[in-house]
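Enquirer: Just passing along the structure, written as structure tokens.
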Amino acid sequence: MVKRVAVIGAGGWGTALGIVAARAGREVRLWSRNVSVVEDINEKRANSAYLKGHVIPGGVTATTEAGTALKGAEMVVLAAPSHATRAVLEGMRGLFETGAVFVSATKGVEVETGKRISEVVAEVLGDGAAERFACLSGPSFAQEVAAGQPTAVSVASRDESLARLVQRALSAQSFRVYTNPDVVGTELGGASKNVMALAAGMIAGLGLGTNTVSALVTRGLAEMTRLALAEGGRLETLMGLAGLGDLVLTCTGGLSRNRFVGQELGRGRTLEEVLAGMHEVAEGVRTTRAVRLLAARRGVEMPITEEVHAVLYDGKSARAAVESLISRPLREEFEGKESRQ
């Protein structure tokens, strides 16, 4: 039975998960480097910087001290951006309780290495921590989760009993957690869908319609599936909450930060201009580089990812990227490995 949960990262998603855990009856400690965020949570029961308009339950306290956050925590939720996760874990090494369960809520891949968060945890904290690792993913905007709107997500672990432990610890009211055994597919689905959300945003910014968005979502799912299968993930995972479910949400939902970035690029703004005006991280911007790296290593064809990368980093226009995709050689719809599973 999990009594105390530490959430590492008090951005919108980390705060929303802290609220969920408190609703489920857990004692929650949110860790953040940001003193003003910590004071806002503790004194005003709000996170006006990252999750406006939601009251934070009394069962949630915030701190800038990692030792305070982690003391007595049987479960540690990792909700820092993927590019910061390794450094955060290294800084906290030695502070985690023996036997603590690690739950990644980070939907990204380390850019420099192409490693998933499970692999980063194993490298920094060792095999014991890796054996107690789970990944939480699925269609879940922080604002809607905090508002108590019905939400379904998936928690993946190679250890079924551990997955069920996390399921019980976080399922509360309208937040429903399913379990699955596929950590690889769950992690890659959550990361690669952000790349597709950037592409969907570009389509919207160009003023193109729902035909185009639907095609993008469908072919984007094919790319995500090819990559996940090549890395050892399962087809059914990509057809579920951590794949298709999250993909639809981020490609069509107005609260998607990645879709917003793509939309502004489609309207002709530069990446630097867009990011300068944003308060939170759009994981897809960095993750595009990591996904492209993984695809190259495995020899996986990912044309949408290639075009998104070209827009982000090579100065290609969104319109030219769409034209490149449309003018690709004609082919069968179900070519490749994913059609044979």
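Values in this text are rule-based calculations from the coordinates and carry no lab data. Treat the numbers as computed from the prediction; the structure is a model and nothing was measured. Heads up, the Cβs are rebuilt from the backbone with ideal geometry, glycines too, and the neighbour counts pull from every protein chain shown.
Enquirer: Considering only DSSP beta bridges whose two residues both sit in the chain, what percent are antiparallel, to the nearest 5?
Expert: 15
Enquirer: Sticking with this structure for a sec: Scan around Ala134 for amide H atoms under 5 Å from its own, H built in the peptide plane at 1.01 Å from N, and keep only partners 5 or more places away or cross-chain.
Expert: Phe102, Val103, Ser104
Enquirer: Determine the shape class of segment 75-136: with a ≥ b ≥ c the square roots of the Cα gyration tensor eigenvalues, call it rounded for a/c under 1.5, and otherwise prolate if a/b is greater than b/c, oblate otherwise.
Expert: Taking the square roots of the gyration eigenvalues as a ≥ b ≥ c, segment 75-136 is prolate.
Enquirer: Can you give me the convex hull volume of the Cα atoms of the chain, divided per residue and expressed in Å³? Please report the intermediate quantities before stating the final value.
Expert: Numbers: hull volume 41.9 nm³, N = 341.
Considering the Cα atoms of the chain, their hull volume per residue is 123 Å³.
Enquirer: Oh, and also: What's the long-distance tail for segment 190-340, i.e. % of Cα pairs beyond 20 Å?
Expert: The calculated P(r) of segment 190-340 puts 43 percent of pairs beyond 20 Å.
Enquirer: Per DSSP H run of n ≥ 4, the term is -39500 (n - 2.57); total these for the chain, divide by its residue number, and report the mean residue ellipticity at 222 nm rounded to 500 deg cm²/dmol.
Expert: -15000 deg cm²/dmol
Enquirer: If you take the square roots of the eigenvalues of the alpha-carbon gyration tensor of segment 205-245 and sort them as a ≥ b ≥ c, do you get rounded (a/c under 1.5), prolate (a/b over b/c) or oblate?
Expert: Values: a/c = 3.64, a/b = 2.37, b/c = 1.53.
Because a/c hits 1.5 or more and a/b exceeds b/c, segment 205-245 counts as prolate.
Enquirer: Considering the chain as a Gaussian network with a 10 Å cut-off on Cα pairs, which listed residue, Leu188, Leu216, Leu330, attains the greatest mean-square fluctuation?
Expert: The residue with the greatest mean-square fluctuation here is Leu330.
Enquirer: Name the helices (complete DSSP H segments) of the chain with a Cα length along the long axis of 20 Å or more and a Kyte-Doolittle mean of at least 0.0, or state none.
Expert: Span-like helices here: 183-205, 210-230.
Enquirer: Additional query: Show me 157-164, 175-182 ranked by packing, highest mean number of other Cβ atoms within 10 Å first.
Expert: Taking the mean over residues of other Cβ atoms within 10 Å, the ranking is 175-182, 157-164.
Enquirer: Same structure, new question: With a ≥ b ≥ c taken as the square roots of the eigenvalues of the C-alpha gyration tensor of segment 1-114, please select rounded if a/c is under 1.5 and otherwise prolate if a/b is larger than b/c or oblate if it is not?
Expert: oblate
Enquirer: Quick one: what are the phi-derived ³J(HN,Hα) couplings along segment 272-280, Karplus 6.51/-1.76/1.60 with θ = phi - 60°, whole Hz, x for glycine and proline?
Expert: 4, 4, 5, 5, 5, x, 9, 8, 10
Enquirer: Along the charge dipole of segment 125-264, Cβ charges K/R +1 and D/E -1, which of Leu249, Leu238, Leu198 sits furthest on the positive end?
Expert: About the Cα centre, the residue reaching furthest to the positive side is Leu249.
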